[in-house]
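Heads up: the structure comes next, in structure tokens.
The values are calculated or read from the model by the stated rules, or taken from the named source; none is laboratory data. Bear in mind that the values here come from a model prediction, so they are computed numbers and not experimental data. Please note: Cβ atoms are built from the backbone with ideal geometry, for glycine as well, and neighbour counts cover all protein chains shown. For the accessible areas, the whole protein counts, side chains as well, though only heavy atoms, and no ligand, DNA or RNA atoms are used. Shrake-Rupley method; radii C 1.70, N 1.55, O 1.52, S 1.80 Å.
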Amino acid sequence: MGVFIPCIQSILGIIYYIRFSWIVGMAGIGETLLLVSLCGTCTFLTSISLSAIATNGAMKGGGPYYLIGRALGPEVGVSIGLCFFLGNAVAGALYVLGAVETFLKAVPSAGIFRETVTQVNGTAIAQPIESPSSHDLQIYGIVLTILLCFIVFGGVKMINRVAPAFLIPVLFSVVCIFLGIFLAGKDHPSEGITGLSSETFKENWSADYQKTNDAGIPETDGSVTWNFNSLVGLFFPAVTGIMAGSNRSSSLRDTQQSIPVGTLAATLTTTSLYLVSLMLFGAVATREKLLTDRLLTATIAWPFPSLIKIGIILSTMGAALQSLTGAPRLLAAIANDDILPILNYFKVGDGGEPHVATFFTAFLCIGCVVIGNLDLITPTVTMFFLLCYTGVNLSCFLLDLLDAPSWRPRWKFHHWSLSLVGALLCIVIMFLISWSFTVVSLLLASLIYKYVSIKGKAGDWGDGFKSAYFQLALRSLRSLGASQVHPKNWYPIPLVFCRPWGKLPENVPCHPKLADFANCMKKKGRGMSIFVSILDGDYHECAEDAKTACKQLSTYIDYKNCEGVAEIVVAPNMSEGFRGIIQTMGLGNLKPNIVVMRYPEIWRRENLIEIPATFVGIINDCIVANKAVVIVKGLDEWPNEYQRQYGTIDLYWIVRDGGLMLLLSQLLLTKESFENCKIQVFCIAEEDADAEGLKADVKKFLYDLRMQAEVFVITMKWDAQMDGGGSPAQDESMDAFTSAQQRIDDYLTQMKATAKREGTPLMADGKPVVVNEKQVEKFLYTTLKLNSTILRYSRMAAVVLVSLPPPPVSHPAYFYMEYMDLLLEKIPRILIVRGYRRDVVTLFT
């Protein structure tokens, strides 16, 4: 009652009664046999796919839309679901017109307008054939649609009471038709009815395509030309209706039992009926009779031909009722999923009737009835139904092929190859019918898909595409292996350290400019960033806080349009947390290869005395883990995508870093904010004699790397001390140098006093240190020279890149921070870069 009878009622309708014999006359028995087999195979394979998906868990309302949406995602589900809704609405008009045409044939006096009289083509004596006026079809069609809508407004209970009453005439009429075929020619023979005859069978075997008028009556100069492809479009609605049971999924007691058995039984029953009927029709009447008597089924029925016409009318009304019942519920199910805000008007509460959706469906149905031409409407219905069947088959194909752990359908008789053949068959039939209708329907579905993608609310339904992405990611990860990536395929994967050195405003999980900088390290936005932060405390106590912080950080990343993921680690302190992150973050070759963090410009504040040790520890951990490091000073002034920069990007290439600094400068140029800048490369030579050779080597190297940059070579003796009273840049640097030297001396004096008082060796950062004062002075002079050089040549640069000096062994972290402060003094925006033990650029193609 829930699946088989609604499917039979929807499938066995107007096409069988008033078009099928005409199709046999036009295409012949042979091609009609091929036609029925093609369409029946398509719906049978679709029924198998439907059975598999429907038995893989509980179903809610929406029928095929619910199945496709949960398998292929909300965008595909809504686009195909809306097309299927339109198909059902138009199908309602198809059935209404069929019922009205049958009524006007049975009761010609009911016609308001004059009927059309057509001369028959191909007969020895021209005979007048009458067909109903299109105006009568429109008027009676509108009235019947309104009457059916009143029944639909009565609710599901009233529909369920009325629907079985429509089925009894269908079964009775089929029995009468078969009795009439077997008794034809013996009892009250009529012209063109030969009875079952092998001669008639042979004559009707081959096709005889003729031109007809709009009503289907053969005419020599008819306006409609028929062929096999157009007959596929005309007949296919006769096999649709297999979704009538699944449309009622929310009302079925046991969907996993009823849908597969009921749908497949209805499909096999009706296909068998068509196969038997076409051979009997071809053997019982001449071709002229088949083509001219549109109600041949009523003509040959026995014993009550007039009752057959009543049965035909009631059966088509029942099919129309099913369409007008299913379509509004389908639209309401799409609206209730809250994907498209524009559909909110059609929402209904639990157990409610979709009255607004029913009004809208009735409006569409009446619009199609006004067209009034049955043969023009059927290809439109066919395309929408085929689009839905394609979606069902592709859903089962994808789920079967992926074979996720959750894919455990109770219906075992399925295979991905059958679903693929079913989907391809649907597409082939679409193009056979009309390539123009196919393109229009696909274009409509694509437009809806695009609209849903832009305007729709994101929803994760655990669809098959997500499973496919997951498996593809795993396969890609395995194919990358664990070996080093070739420089040509090297991508920066930044580990963006979000933990601030100070305090950020409340509800701000990360420095606002860190995501802007992370985007600058990607070419055209391609690549992944990992944003991490550390939450101090015990994991058991802070686990929920970590989840909340991670969600907040993810929201921030999405807001900044940065491709990346967020991770929050709970650890006793920042140093231990970072050490755990650097060792374990990532998988295989998708581990982060660059650590990005902000320079702690506020480290001198009294309440932040732990920063120097933490900062130096992070750099040392990166060196041990073989990770590149990029430290950003002047992050507050880092430009966003709308702030254009002019000037130069200056590189102070001090040590070999695998080309990372050069690559970063090229990536900066790909961004709109830096695209107007030029690159300058500064190299250091200790002797004037080496300068020209070094410049030529660097130019050749950059040329081979396809990088455009201007090269400068600066002569500088690292070991020589600077004389006072030089350039303004030197004077500025000397002031900073003197201050740094004084602070280091004070810190060293304090360390010695503490060690003497406690009777211990010199201690700093909780461990013994050995301080070589000459080496400390050498470090200060080296950074002084480099700082004064940068100030001399790059004071107006858009951004400066300089090599990161490694922390000296056995030096206190405080000393290293003084070296770094001296190096960065007066430079507003600078990137301190350290590469790792491998090349990230290559000379070769």
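Could you grab the pairs with beta carbons closer than 8 Å, sequence gap of 6+ or different chains, first residue in the stretch 753-771 and on the phi > 0 side of the Ramachandran plot, second one part of a helix (DSSP H, G or I) and surrounded by 10 or more Cβ atoms within 10 Å (Cβ to Cβ)?
Asp765/Pro612; Asp765/Ala613; Asp765/Val616; Asp765/Ala813; Gly766/Ala613
Can you pull out every residue in the stretch 765-789 that is in contact with a strand residue (DSSP E or B) (Cβ under 8 Å, 6 or more places away or on another chain) and not in a helix (DSSP H, G or I)?
Answer for the stretch 765-789, where residues must be in contact with a strand residue (DSSP E or B) (Cβ under 8 Å, 6 or more places away or on another chain) and not in a helix (DSSP H, G or I): just Val769.
Among residues belonging to the stretch 367-399 that are open to solvent by 10 Å² or more (accessible area, probe 1.4 Å) and modelled with pLDDT of 90 or more, point out the one that is farthest from Thr225 (Cα to Cα).
The qualifying residue farthest from Thr225 (Cα to Cα) is Phe397.
Can you give me the number of residues within the stretch 292-348 that are touching a residue at least 12 places away in the same chain (Cβ under 8 Å), farther than 18 Å from Ile181 by Cβ and not hydroxyl-bearing (Ser, Thr, Tyr)?
31
Output the residues belonging to the stretch 293-316 that are under 23 Å from Pro164 (Cα atoms), hydrophobic (A, V, I, L, M, F, W, C) and not in a loop (DSSP other than H, G, I, E, B).
Once the filter is applied, which keeps residues that are under 23 Å from Pro164 (Cα atoms), hydrophobic (A, V, I, L, M, F, W, C) and not in a loop (DSSP other than H, G, I, E, B), the stretch 293-316 yields Ala298, Leu307, Ile308, Ile310, Ile312, Ile313, Leu314.
Would a scan of the stretch 676-685 turn up a residue that is more than 30 Å from Ala764 (Cβ to Cβ), in contact with a helix residue (DSSP H, G or I) (Cβ under 7 Å, 6 or more places away or on another chain) and open to solvent by 20 Å² or more (accessible area, probe 1.4 Å)?
No.
Can you tell me which residue among Ala335, Ala319 is small (Gly, Ala, Ser), buried (at least 23 other Cβ atoms within 10 Å of the Cβ) and outside any loop (DSSP other than H, G, I, E, B)?
One residue alone meets the criteria, Ala319.
Pick from Pro812, Pro828: which is surrounded by 20 or more Cβ atoms within 10 Å (Cβ to Cβ) and in contact with an Asp or Glu (Cβ under 7 Å, 6 or more places away or on another chain)?
Checking each option against the conditions leaves just Pro812.
Among the residues of the stretch 700-724, which ones are open to solvent by 70 Å² or more (accessible area, probe 1.4 Å) and modelled with pLDDT under 75?
Lys717, Asp719, Gln721, Asp723
Can you tell me which residues in the stretch 422-462 are open to solvent by 70 Å² or more (accessible area, probe 1.4 Å), out of contact with any helix residue (DSSP H, G or I) (no Cβ under 6 Å at 6 or more places or on another chain) and of a type in the set (A, V, I, L, M, F, W, C)? It would help to see each step written out before you state the result.
If we filter the stretch 422-462 for residues that are open to solvent by 70 Å² or more (accessible area, probe 1.4 Å), which is where we start, we get 424, 428, 431, 435, 437, 439-440, 442-443, 447, 449-451, 454-455, 457-458, 460.
Next, only the ones that are out of contact with any helix residue (DSSP H, G or I) (no Cβ under 6 Å at 6 or more places or on another chain) stay: 424, 428, 435, 439-440, 442-443, 447, 450-451, 454-455, 457-458, 460.
Those that are open to solvent by 70 Å² or more (accessible area, probe 1.4 Å), out of contact with any helix residue (DSSP H, G or I) (no Cβ under 6 Å at 6 or more places or on another chain) and of a type in the set (A, V, I, L, M, F, W, C): Leu424, Val428, Trp435, Val439, Val440, Leu442, Leu443, Leu447, Ile454, Ala458.
Go through the stretch 194-210 and give me each residue that's touching a residue at least 24 places away in the same chain (Cβ under 8 Å) and open to solvent by 20 Å² or more (accessible area, probe 1.4 Å).
The answer is Thr194, Leu196, Ser197, Ser198, Phe201, Glu203, Trp205, Ser206, Ala207, Asp208, Tyr209, Gln210.
Being open to solvent by less than 30 Å² (accessible area, probe 1.4 Å) and either of a type in the set (D, E, K, R) or farther than 12 Å from Ala106 by Cα (or both) is the filter here; which residues of the stretch 297-316 pass it?
Within the stretch 297-316, Thr297, Ile300, Ala301, Ser315, Thr316 meet the criteria.
Please work out if Leu275 is open to solvent by 10 Å² or more (accessible area, probe 1.4 Å) and under 30 Å from Leu147 (Cβ atoms).
Considered against the rule, which asks whether it is open to solvent by 10 Å² or more (accessible area, probe 1.4 Å) and under 30 Å from Leu147 (Cβ atoms), Leu275 comes out as no.
Can you tell which of Gly502, Gly462, Gly527, Gly456 is closer than 30 Å to Lys633 by Cβ, of a type outside the set (Asp, Glu), under 31 Å from the mean Cα position of the chain (by Cα) and modelled with pLDDT under 80?
Gly527
Could you grab me the full set of residues in the stretch 566-590 that are more than 23 Å from Trp501 (Cβ to Cβ) and either open to solvent by 60 Å² or more (accessible area, probe 1.4 Å) or modelled with pLDDT of 90 or more (or both)?
Scanning the stretch 566-590 gives Thr584, Leu587, Leu590.
Kindly provide the set of residues from the stretch 570-606 that are in contact with a helix residue (DSSP H, G or I) (Cβ under 9 Å, 6 or more places away or on another chain), of a type outside the set (Lys, Arg) and farther than 19 Å from Met528 by Cα, ordered by number.
Of everything in the stretch 570-606, those that are in contact with a helix residue (DSSP H, G or I) (Cβ under 9 Å, 6 or more places away or on another chain), of a type outside the set (Lys, Arg) and farther than 19 Å from Met528 by Cα turn out to be Val570, Ala571, Asn573, Met574, Ser575, Phe578, Tyr599, Pro600, Glu601, Ile602, Trp603.
Scan the stretch 736-746 residue by residue and report those that are open to solvent by less than 60 Å² (accessible area, probe 1.4 Å) and in contact with a helix residue (DSSP H, G or I) (Cβ under 7 Å, 6 or more places away or on another chain).
If the condition is that a residue be open to solvent by less than 60 Å² (accessible area, probe 1.4 Å) and in contact with a helix residue (DSSP H, G or I) (Cβ under 7 Å, 6 or more places away or on another chain), then Ala736, Phe737, Ala740, Gln741, Ile744 are the ones that fit.
Any idea how many residues of the stretch 184-226 are modelled with pLDDT of 85 or more, aliphatic (A, V, I, L, M) and not in a strand (DSSP E or B)?
So the count comes out to 2.
Name the residue, out of Leu364, Leu343, Leu324, Leu331, that is under 30 Å from Val175 (Cβ atoms) and not charged (D, E, K, R). Break it down into steps so the answer makes sense when it comes.
Numbers: Leu364 fails: under 30 Å from Val175 (Cβ atoms); Leu343 fails: under 30 Å from Val175 (Cβ atoms); Leu331 fails: under 30 Å from Val175 (Cβ atoms).
Going through Leu364, Leu343, Leu324, Leu331 in turn, just one is under 30 Å from Val175 (Cβ atoms) and not charged (D, E, K, R): Leu324.
What's the total number of residues in the stretch 644-673 that are part of a loop (DSSP other than H, G, I, E, B) and within 33 Å of the chain's Cα centre (by Cα)?
Qualifying residue count for the region: 4.
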